[in-house]
Amino acid sequence: MKFVLAGLAVLGFATPVAAESWHAFSRSANSAYMADVDSIVVEGDVTRVLLAIVPLRGEAGDLSHTVDTYEFKCGPKQWRSTLSIEYGPDGVETGQYPDESDWLNARDGTIPGILKEIACRPEPPQASTAASSALAWMNSRRGSTTSPISLAKRSDASS
């Protein structure tokens, strides 16, 4: 879990939004899933939100993760992914992959279905289930005040 938490720290700088409120909403055997509720934007009948997918396993200091952009049509309960950005072990972006998927039905209990519920609700999740930043989320779970982001920046500066 320590490795996952280090990976989540980089999310504070991985997205273009000024404020962040990451809501951890699911996990599988291999990944943790977090929605940035402050990234939710509604344009016409389309609602957009960022999803972070962080591996649960990895070597110490591995900041690898993916941030996907999801779009929803809340009324008809449809979704599509429009962009996937991958970050390498050093937390630096390694690639952007646009996705021009067709609209699909968001089934209850699936990652898109749960993310749709988060993105389409009138009020964001309660503060008890969200963190002001990925770093705050990590620190609340491990009791640390040391920032993996700072460690990564020091490593970059010495390169």
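Residues that are open to solvent by 50 Å² or more (accessible area, probe 1.4 Å) and of a type in the set (D, E, K, R) were ranked within the range 23-65; the one that is nearest to SER81 (Cα to Cα) is ARG48.
Can you give me the ranges of the strands (runs of 3 or more DSSP E) entirely in the range 1-118 with at least 1 residues that are among the acidic types (Asp, Glu), modelled with pLDDT of 95 or more and touching a Lys or Arg at 6+ places or on another chain (Cβ under 6 Å)?
65-73
Per the listing THR82, THR94, the residue uniquely open to solvent by less than 50 Å² (accessible area, probe 1.4 Å) and of a type in the set (Val, Ile, Thr) is THR82.
The listed residues are THR69, THR47, and the only one of them that is of a type in the set (Ser, Thr, Tyr) and out of contact with any Ser or Thr (no Cβ under 9 Å at 6 or more places or on another chain) turns out to be THR47.
The values are calculated or read from the model by the stated rules, or taken from the named source; none is laboratory data. Values in this document were obtained by computation on a predicted structure and should not be read as measured data. FYI the Cβ positions are ideal-geometry reconstructions off the backbone, even for glycines, and counts take in every protein chain you see. For accessibility, only protein heavy atoms count, side chains too; no ligands or nucleic acids. Shrake-Rupley method; radii C 1.70, N 1.55, O 1.52, S 1.80 Å.
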